[in-house]
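Chemist: So that we are looking at the same thing, I have put the structure below in structure tokens.
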Amino acid sequence: TSTSISTQLGDILNQFALQQHLTVSILSLGVIGLLVIALATIGLVAAFVAEQRRDSIKLLRGRGASGAQIIGAQLVEGLVLGLPAAIVGFFIATLIVPSRTSSYSLYAAIGIVVMTTLLLVFAVLPLARRGLGALERSDVPERRVSVRRLAIDIFVVILAVLGVYLLRRRGLAGDNASAKIGGFDPYLAAVPVLLGLATGLIVMRLYRLPMRILAWNASFRSDLVPFLGFRRVARQSAAAGIPLLVILLSIAISVFSSVMMHSIQVGQVNTAWRTVGADYLVSSTSTSGFSRDFTLTKVPGVEATASGYLQQNVLVSANQPLYGTVNLLGIDTTGYQKVANHTPVDPHFSAAMLSQPTGEGIGTAQNPIPAIVSSSWVTQSAPKTGVNFSIAFGKATVSFKIVEIRSQFQGLQEGSPFVVVPLKSLQAAIPPDDADPTLMYLRAPASAKQAINASIDAQFEPVTLQSRADDYNSVHDSPLIAGAARGFEIGIALAAAYSALAVMIALALTSRARIRDLTYLRTLGLSNRQVLNLTITEQSPPVVIALVVGTGLGVAVAKLIKPGLDLTAFTGPNIPVPLVINWLTITLLVIAIVFAVAAAIGIVTASAQRANVSGVLRIGDE
């Protein structure tokens, strides 16, 4: 008289919503970093534009233009340049990304226009407010650090340290209201950027001291190039250190994205191996296990096989009282060693496990069966090697001896107590037919799946076939996970591009003063080779510091915030994902930055060598 309907659709949708929330949260770490780097690069461009307009601003000020008029003109120009670019970028992004239009995209475009305009205004502000006499100078005199600037730096450092603590304690979503509706905490998502800013500010304050020491040491040399190069670096203004900060942030975000992406990729591979335990896992659906004549050893492509017997929730005791239940896996250790040899799940069985003792008295207290047990054992105290325990199989009680302790074993549930024993020894100790194999591990390529299925169908065996490659593809190719990996790849490429762009803009920003000084030195006998060496000496320290500190910072940020990140949504449930550093990607990134620096130095050196000496010397006489 009653009707009920049940469905798992709600659970599926909730799982997808959770994975979507985690994807957005993880990608927000890189996106916020890229946004800050982009704005910092725009700030460098604005500074370059302001430097190029020094003469025109000087002319306008000399003809009576006020500072407010110059700032107003820059404000209008910033809006005229920013609005069309933002509109075009918004529509291009809408066309490239096949998704529903979000109001956040429009807000982001408006925010970028506002920030770009403000950066252009702030870049011109010092020139608009400076006196006419000061405008004649190309170099801004070095000033002591103001208390306000120092307070801001300390505040950024405190925010970064506090953010790391909260992120490790509460996770990326935090415990605010946005986490309950699938959002994320913007402050916690900005922790990597805050750490980068804090580290960059500290480096900007400290790196001049070693430069001054190097300049002092080089002053005792007979040649001019090292002393002059280190001296120029040591006497740079605070604004001149902004390119170092941008490069450092770009490298740190690139390395962080690389670590996250590679960790997810390696985690997907390891999760597939640990879930299946081999290339293929054949599980019997019959309560009695496989039939006696069932075999897959002759299937084309199958290189090795190993039998297994799995029984869940068996009682473990050491005489009395009972301890608790474990998952028992009896496995053909010799065969499985061949199946999993040189794979991520290579068991590396000890000699005691490979010997598989059988015969009279096996499984008794005098001749216990060797066993591998989990570190999360059923007793209150941790398990110890050499200790015996017992498991009851019907009326028979079998004794085992702990020979090894592991935190996990492939194919067994993560976090649950388990016992792994040699299958032949177990079969010799308990009544016949009580441990018939229920599992079969296969070593075979992905192309052998069709032949394996055909052999199973031909033998009419009630089994299920699980493929490691299929498990990996189902996770790796899912839209959200593949989109996250693609997002990290794009982030690495964009951060690297910003790093190269920041290097070139930094050199172009001071190119006028540098070419003028190098031209003066050429009149004193400075050779073309010395011009090149001087440029290298001047530009190498900030870039090297940014590369070293940025790389270390990217790795450190990933390790610091790892406890607050849940990467299992990208790899598989209940299996921890360790951080894996891809040094190849990091090395290629560093090489790309070095090539960009070399190209920029070559352009500046060539410009200095082609400069008209007489034209430079006549400056001020017109």
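The values are calculated or read from the model by the stated rules, or taken from the named source; none is laboratory data. Nothing here was measured: the structure is a model prediction, and the numbers come from that model. Note that each Cβ is placed from the backbone with ideal geometry, even for glycine, and that neighbours are counted across all protein chains shown. Surface areas here come from the heavy atoms of the whole protein model, side chains and all, with no ligands, DNA or RNA. Shrake-Rupley method; radii C 1.70, N 1.55, O 1.52, S 1.80 Å.
Chemist: Can you list residue pairs whose Cβ atoms sit under 6 Å apart, with the first residue in region 415-440 being modelled with pLDDT under 85 and the second being hydroxyl-bearing (Ser, Thr, Tyr)? Count only pairs 6 or more apart in sequence or on different chains.
Modeler: 435/309
Chemist: Can I ask one more? So, in region 439-467, of the ones that are assigned to a loop (DSSP other than H, G, I, E, B) and over 19 Å from residue 345 (Cβ atoms), which residue ends up nearest to the chain's Cα centre (by Cα)?
Modeler: Start the filter on region 439-467 by keeping residues that are assigned to a loop (DSSP other than H, G, I, E, B), which leaves 444-445, 460-462.
After this cut, where a residue has to be over 19 Å from residue 345 (Cβ atoms) as well, the list is 460-462.
Details: 460: 48, 461: 45, 462: 44 Å.
Out of the qualifying residues, it is 462.
Chemist: Within region 356-380, track down each residue that is closer than 19 Å to residue 427 by Cβ, among the small types (Gly, Ala, Ser) and buried (at least 18 other Cβ atoms within 10 Å of the Cβ).
Modeler: Result: 363, 371.
Chemist: Among the residues that make up region 158-179, is at least one of them within 15 Å of residue 557 (Cβ to Cβ), open to solvent by 20 Å² or more (accessible area, probe 1.4 Å) and either at pLDDT below 80 or part of a loop (DSSP other than H, G, I, E, B) (or both)?
Modeler: yes
Chemist: Let me ask something additional. Can you tell me which residues in region 202-228 are open to solvent by 90 Å² or more (accessible area, probe 1.4 Å) and either basic (Lys, Arg) or in contact with a Gly (Cβ under 9 Å, 6 or more places away or on another chain) (or both)?
Modeler: As a first pass, look at region 202-228 and keep what is open to solvent by 90 Å² or more (accessible area, probe 1.4 Å): 206, 209, 212-213, 216-217, 220-222.
Correct list: 212, 221.
Chemist: So which residues in region 389-408 are among the hydroxyl-bearing types (Ser, Thr, Tyr) and buried (at least 16 other Cβ atoms within 10 Å of the Cβ), if there are any at all?
Modeler: Answer for region 389-408, where residues must be among the hydroxyl-bearing types (Ser, Thr, Tyr) and buried (at least 16 other Cβ atoms within 10 Å of the Cβ): 390, 397, 399.
Chemist: Among the aliphatic types (A, V, I, L, M), at pLDDT below 80 and either in a helix (DSSP H, G or I) or farther than 22 Å from residue 254 by Cβ (or both) - does that describe any residue in region 84-93?
Modeler: If we filter region 84-93 for residues that are among the aliphatic types (A, V, I, L, M), which is where we start, we get 85-88, 92-93.
The next check asks that each one be at pLDDT below 80; those that pass are none.
Within region 84-93 (the criterion being among the aliphatic types (A, V, I, L, M), at pLDDT below 80 and either in a helix (DSSP H, G or I) or farther than 22 Å from residue 254 by Cβ (or both)), the answer is no, since none of the residues qualifies.
Chemist: Can you give me the ranges of the helices (runs of 4 or more DSSP H) entirely in region 199-309 with at least 2 residues that are free of Cβ contacts under 8 Å to residues at least 40 places away in the same chain?
Modeler: Once the helices (runs of 4 or more DSSP H) in region 199-309 are filtered for at least 2 residues that are free of Cβ contacts under 8 Å to residues at least 40 places away in the same chain, what remains is 208-218, 225-234.
Chemist: Quick check: anything in region 590-613 among the hydrophobic types (A, V, I, L, M, F, W, C), loosely packed, with under 11 Cβ neighbours inside 10 Å, at pLDDT 70 or above and not in a loop (DSSP other than H, G, I, E, B)?
Modeler: Looking for residues that are among the hydrophobic types (A, V, I, L, M, F, W, C), loosely packed, with under 11 Cβ neighbours inside 10 Å, at pLDDT 70 or above and not in a loop (DSSP other than H, G, I, E, B), one finds at least one in region 590-613, hence yes.
Chemist: Which members of region 409-429 meet the condition of being surrounded by fewer than 19 Cβ atoms within 10 Å (Cβ to Cβ) and either touching a strand residue (DSSP E or B) at 6+ places or on another chain (Cβ under 7 Å) or hydroxyl-bearing (Ser, Thr, Tyr) (or both)?
Modeler: Result: 413, 416.
Chemist: Same structure, new question: Any residue in region 6-13 that is farther than 30 Å from residue 264 by Cα, free of Cβ contacts under 8 Å to residues at least 40 places away in the same chain and not in a helix (DSSP H, G or I)?
Modeler: Taking every residue of region 6-13 in turn, at least one turns out to be farther than 30 Å from residue 264 by Cα, free of Cβ contacts under 8 Å to residues at least 40 places away in the same chain and not in a helix (DSSP H, G or I).
Chemist: Another one. For region 533-583, which residues satisfy the criterion of being among the polar types (S, T, N, Q) and under 20 Å from residue 499 (Cα atoms)?
Modeler: 535, 537, 539, 540, 551, 582 - these are the residues of region 533-583 that are among the polar types (S, T, N, Q) and under 20 Å from residue 499 (Cα atoms).
Chemist: Looking at the structure I just gave you, is residue 501 outside any helix (DSSP H, G or I) and open to solvent by 20 Å² or more (accessible area, probe 1.4 Å)? Spell out the reasoning first.
Modeler: On the way: outside any helix (DSSP H, G or I): no; open to solvent by 20 Å² or more (accessible area, probe 1.4 Å): yes.
Here the answer is no, as residue 501 does not meet what is asked.
Chemist: Going by what's in this entry, would residue 448 be described as touching a residue at least 24 places away in the same chain (Cβ under 8 Å) and over 18 Å from residue 337 (Cα atoms)?
Modeler: yes
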